[in-house]
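What follows is a short report on a single structure.
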Amino acid sequence: MLDMDKTAFPLAIRAQDAPPRLSPSNYPPEFRGRVVGRHKQPLGDLFGIGNFGVNRTRLSPKASSALRHAHSRQDEFVFILEGYPTLITDAGATQLSPGMCAGFRAGTGDGHQLVNMTDADVVYLEIGDRSPGDTATYPDDDIQAHLGADKKWHFTHKDGMPY
């Protein structure tokens, strides 16, 4: 007999009706203002999915998805549902539109972020795995992060000093 988790999860939901993430950002206070206007709705967690995360994210006009960053172990993928965000990478700026997608392989060091440079909201899905021991580098800022055994991000300055 299979020992399955008996927690009740929904079979299906309307993504736009998912509850918002409780904390708008887990960045140190010095950086939180840079992602004001980003609204995440965790989707995968609602179904008990633990190997990867899925968020429906809305960027208000002029908002950013994150500080520009790259992961050591986590692959990431975005799919644009509404609006026209600008993808910023080491290669420069690329305009995206509904139906477009982009992927970011782990370990490349190529920092990425989405920025809404328009006057209308942007809505997209973001998907990423939850690889233990992942680290994130931020090429434009004095910050780095590591995913702890507690499955939370821990931030330090690039010299290792904590925030």
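Every number here is computed from the coordinates shown, using simple stated rules; none is lab data. All values reported here derive from a predicted model rather than from experimental measurement. All Cβ positions, even for glycine, are placed from backbone atoms using ideal geometry, and neighbour counts span all protein chains on display.
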Exercise for the section: Please give the number of the condition ALA66 fails out of (1) assigned to a loop (DSSP other than H, G, I, E, B); (2) farther than 21 Å from ALA145 by Cβ. Expected result: (2)
Completion exercise
Of the residues in region 67-86, those that are hydroxyl-bearing (Ser, Thr, Tyr) and buried (at least 20 other Cβ atoms within 10 Å of the Cβ) number 0
Completion exercise
With the first residue restricted to region 16-40 and required to be within 19 Å of ASN116 (Cα to Cα), and the second required to be among the small types (Gly, Ala, Ser) and in a loop (DSSP other than H, G, I, E, B), Cβ contacts under 6 Å at 6 or more apart or on different chains are ARG32/SER25; VAL35/SER25; GLY37/SER60; GLY37/ALA63; ARG38/ALA63
Fill in the blank from the handout: For region 123-163, the count of residues that are of a type outside the set (S, T, N, Q), over 14 Å from the mean Cα position of the chain (by Cα) and assigned to a strand (DSSP E or B) equals 4
Fill in the blank from the handout: When every residue in region 28-44 that is within 20 Å of VAL122 (Cβ to Cβ) and touching a Phe, Trp or Tyr at 6+ places or on another chain (Cβ under 8 Å) is compared, the one surrounded by the fewest Cβ atoms within 10 Å (Cβ to Cβ) is ARG34
Fill in the blank from the handout: Note on region 133-163: residues closer than 16 Å to GLN113 by Cβ and acidic (Asp, Glu) are ASP140, ASP141
